[in-house]
Amino acid sequence: MSAESKILVVDDELVVIKSAERVLKSEGYQIEGALGGREAILKMEQGTYDLVFTDLKMPEVDGITLIRWIKKSRPNIGIVIITGYPSQDTMKEAIELGIIDYVPKPFTPSVLLDVTKRAVEWAEGRKPSEEKAVAEEFPPAMAKELDRVIREYRQRPGCLIPVLQRAQEIVGFLPPVVQKRIAKGLNMPEAEVHSVVSFYSFFTMKPRGDHNVRVCLGTACYVKGIEGVLAKIKDQLKIDIGETTEDRKFSIEGVRCLGACGLAPVMMIDQETYGALTPSKALKIISQYGGPASGQSPEEETAAVAEQEG
Ligand code: FES
């Protein structure tokens, strides 16, 4: 993560700018705010920024107009949108314009930091070493099969998502080298392919372990204490979000909503959903998949659950 990355947060609500600023500054990012598209353009004309996080619905100069201006006048700036409930058309337009990712409003600190980390990596053209290795070792047989899929789907409307799904089945994940090959094969911008991969949580850019632990970082789960659960899982598996254990048994993924808010806080392991989690309950479930035991006695676990449930 780069502390030097300079981010401009654009929103017509000061409270959104302030809360993004509070979260991102605590991680060392340099943040400036602009109360709308017009002010953002003025700031970009006078200063340099690595990323712009922008709302879509704003008076006068709205988000889409701002994105168009950035793409034309400052094409090196990465764009992330922060928005409430975007219409499919608006989202499609933003993706076609080449946004990197989006943050749903209201956002939780974890979601904002997770998206920012990925956006900074993308903007800086960084590739985690594991992905570099894959880029170098992309086996010719896989490349051949991928090219065959691209040729098969190329003429069909809306072919990007099915091609990405097939690519993920073939390669196991979607590192930049695979995204680039798909973009070239389908004759579309790499940024558009990357936006779609980032937008849908079922696509992954990193190799996953045998069991994928998907922890919901959405608002309902956040309010019910998912951060404490996540901290314990990370601690127990000794990995962070987006990483895989050394033995390749487990990966942790942070997602924005698992569609089971009534059961919050929630996680999924592979296809199974687990709700009403406490830290110790989560560890117990993970141990049933062959994960490290929590190390707590049954009495300690009961006490921890009681404490969590308050
Ligand atoms: S917010 Fe967690 S399941 Fe919806």
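Before moving on, here are some points about what is shown:
- Of the helices (runs of 4 or more DSSP H) that lie entirely inside segment 1-88, those containing 1 or more residues that are within 18 Å of residue 109 (Cβ to Cβ) span 14-25.
- Residue ID - farthest from the ligand (Cβ to nearest atom), chosen from residues in segment 240-290 that are hydrophobic (A, V, I, L, M, F, W, C) and in a loop (DSSP other than H, G, I, E, B): 241
- Cβ pairs under 6 Å, 6+ apart, first in segment 247-264 and outside the structural domain of residue 83 (by TED's automatic domain parsing), second at pLDDT 90 or above and within 6 Å of the ligand (Cβ to nearest atom): 255/216; 258/216; 258/266; 260/266; 261/220; 264/220; 264/221
- Test result for residue 235, part of a loop (DSSP other than H, G, I, E, B), over 26 Å from residue 181 (Cα atoms), in the same structural domain as residue 281 (by TED's automatic domain parsing) and at pLDDT 85 or above: no
- Conditions (1) under 19 Å from the mean Cα position of the chain (by Cα); (2) within 12 Å of the ligand (Cβ to nearest atom); (3) open to solvent by less than 40 Å² (accessible area, probe 1.4 Å): number failed by residue 219: (3)
- Test result for residue 176, in contact with a helix residue (DSSP H, G or I) (Cβ under 9 Å, 6 or more places away or on another chain) and closer than 25 Å to residue 251 by Cβ: yes
- Extreme residue, farthest from residue 83 (Cα to Cα), among residues of segment 222-239 that are open to solvent by 70 Å² or more (accessible area, probe 1.4 Å) and near the ligand (Cβ under 9 Å from one of its atoms): 224
- Test: residue in segment 171-178 that is out of contact with any Ser or Thr (no Cβ under 9 Å at 6 or more places or on another chain), open to solvent by 60 Å² or more (accessible area, probe 1.4 Å) and at pLDDT 85 or above: no
- Residues (touching an Asp or Glu at 6+ places or on another chain (Cβ under 9 Å) and among the aliphatic types (A, V, I, L, M)) located in segment 39-58: 56, 58
- Matching residues in segment 27-51 - criterion: being under 13 Å from residue 80 (Cβ atoms) and open to solvent by 30 Å² or more (accessible area, probe 1.4 Å): 50
- From the options 108, 83, 54, 65, residue that is hydroxyl-bearing (Ser, Thr, Tyr) and open to solvent by 60 Å² or more (accessible area, probe 1.4 Å): 65
- Here 237, 230, 217, 164 are screened, and the one residue that is without any contact (Cβ under 8 Å) to a residue 40 or more places away in the chain and either farther than 30 Å from residue 276 by Cβ or not polar (S, T, N, Q) (or both) is 164.
- Residue 21 meets the conditions (1) closer than 17 Å to residue 121 by Cα; (2) modelled with pLDDT of 90 or more; (3) surrounded by fewer than 19 Cβ atoms within 10 Å (Cβ to Cβ) in every case but one. The failed one is (1).
The values are calculated or read from the model by the stated rules, or taken from the named source; none is laboratory data. These figures come from a predicted structure and were not determined experimentally. Neighbour counts are summed over all protein chains in view; Cβ atoms, including those assigned to glycine, are modelled from backbone coordinates with ideal geometry. Surface areas here come from the heavy atoms of the whole protein model, side chains and all, with no ligands, DNA or RNA. Shrake-Rupley method; radii C 1.70, N 1.55, O 1.52, S 1.80 Å.
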